[in-house]
Amino acid sequence: MGCGASKEDTAGKARNDEIENQLKRDKMAQRNEIKMLLLGAGESGKSTILKQMKLIHEGGYSRDERESFKEIIFSNTVQSMRVILEAMESLELPLDDPRAEYHVQTIFMQPPQIEGDSLPPEVGAAIKALWHDAGVQECFKRSREYQLNDSAKYYFDSIDRIAAHDYLPNDQDVLRSRVKTTGITETTFIIQDLTYRMFDVGGQRSERKKWIHCFENVTTILFLVAISEYDQLLFEDETVNRMQEALTLFDSICNSRWFIKTSIILFLNKIDRFKEKLPVSPMQNYFPDYEGGPDYAAACDYILNRFVSLNQAETKQIYTHFTCATDTTQIRFVMGAVNDIIIQENLRMCGLI
């Protein structure tokens, strides 16, 4: 009997050792894998950050990949001009040059999605002529009153290059292109010895309920806010201020039971547009308790404090950065700092520090 018991003990010990070894392997694998959740309201810059990661850590876009962005860029450009022309009607703003009316008809005749290897010459000519019209410029200055893509001015200013027959999108063209994210997309990057699994979810309200409970075990949350949208209304609900919506969403994420132990990295994004807007669109018109006037530093401090003060957990760390997601040099520097933070957080989560 003693011999039989000994065999059972040996087999049991072997099973225990295998389980222990597997747990160690799992912990090592976990230590080398970073799960990052990208969150933020619609058009806050989440997809742009993913594109930057590809530029910085994967050698950028191939020629074929750049070619694949052409139709998106053409569609973004034409759709942006269509939005301005429709806004001119609703705001009762006339063209400065009535002879440009045939250019208006050219734009309205285009389908929502522009297909083809190059932008039709008459479309490029129409956009160029209309962009130089004083009436269109006046309407553009009032773009906070309607829903206009952030990249509109950039593409309009580049129309000669974009409309060229041999056009190939450059990095900045790709970064500024816009396709609404629906559902959950996962992108994997290798940075140093770490595997980053980055999850981008749709920012619009209708998308949020799909993901909130799915990511309880993420290493960190990267939350983006377009601070330039302090004077704009939601695409989904034109009674709600976009910054107020971002504050509400951040509050719900920061204090969610699903993310009690999850560190948060807060990107206060689109600082370039924010700096341009402050002198011409007073922030106190939208946030009456703000008293800093057009001072950029005061406005940044105010917004930072509004977000950070929502954190109700003394143990939760919020790391903040002011960013311009289309600036590759800046994002490379910021993501280097973020990487250091994430490594520390990951070691802590794995019980290694």
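General remarks:
- The sole residue among Ser80, Ser44 that is among the polar types (S, T, N, Q) and modelled with pLDDT of 95 or more is Ser80.
- If you go through the stretch 58-82 and keep only what is over 13 Å from Ser151 (Cα atoms) and among the hydrophobic types (A, V, I, L, M, F, W, C), you end up with just Phe69.
- Close contacts from the stretch 109-123, counting a first residue that is without any contact (Cβ under 8 Å) to a residue 24 or more places away in the chain and a second that is surrounded by 11 or more Cβ atoms within 10 Å (Cβ to Cβ), with Cβ to Cβ under 8 Å and a gap of 6+ residues or different chains, come to Glu122/Thr106.
- Complete set of residues in the stretch 317-329 that are closer than 21 Å to Asp301 by Cβ and either more than 15 Å from the chain's Cα centre (by Cα) or among the hydroxyl-bearing types (Ser, Thr, Tyr) (or both): Gln317, Ile318, Tyr319, Thr320, Thr323
- Of the helices (runs of 4 or more DSSP H) lying entirely inside the stretch 185-280, those containing at least 3 residues that are modelled with pLDDT of 95 or more are 242-254, 271-277.
- A single member of Ser47, Ser75 is among the hydroxyl-bearing types (Ser, Thr, Tyr) and in contact with a strand residue (DSSP E or B) (Cβ under 8 Å, 6 or more places away or on another chain), and it is Ser47.
- Listed by first and then second residue, the pairs linking a residue in the stretch 308-319 that is touching a residue at least 60 places away in the same chain (Cβ under 8 Å) and within 18 Å of Thr248 (Cβ to Cβ) to a residue that is surrounded by 12 or more Cβ atoms within 10 Å (Cβ to Cβ) and of a type in the set (Asp, Glu), with Cβ atoms under 8 Å apart and 6 or more places separating them unless they lie on different chains, are Leu310/Asp251.
- Filtered residues of the stretch 281-314 (kept if assigned to a helix (DSSP H, G or I) and buried (at least 16 other Cβ atoms within 10 Å of the Cβ)): Met283, Ala299, Cys300, Tyr302, Ile303, Leu304, Arg306, Phe307
- Qualifying residue in the stretch 315-322 (condition: hydrophobic (A, V, I, L, M, F, W, C) and part of a strand (DSSP E or B)): yes
- Scan of the stretch 99-130 for residues that are of a type in the set (D, E, K, R) and under 18 Å from Ala164 (Cα atoms), ordered by number: Glu115, Asp117, Glu122, Lys128
- Considering the conditions (1) surrounded by fewer than 16 Cβ atoms within 10 Å (Cβ to Cβ); (2) at pLDDT 90 or above, Ala5 is excluded by exactly one of them, (2).
- Meets criteria (surrounded by fewer than 21 Cβ atoms within 10 Å (Cβ to Cβ) and within 20 Å of the chain's Cα centre (by Cα)) for Leu266: no
The values are calculated or read from the model by the stated rules, or taken from the named source; none is laboratory data. Because the structure is predicted, anything quoted here is derived from the model rather than measured. With ideal geometry, Cβ positions are generated from the backbone for all residues, glycine too; neighbour counts draw on all protein chains shown.
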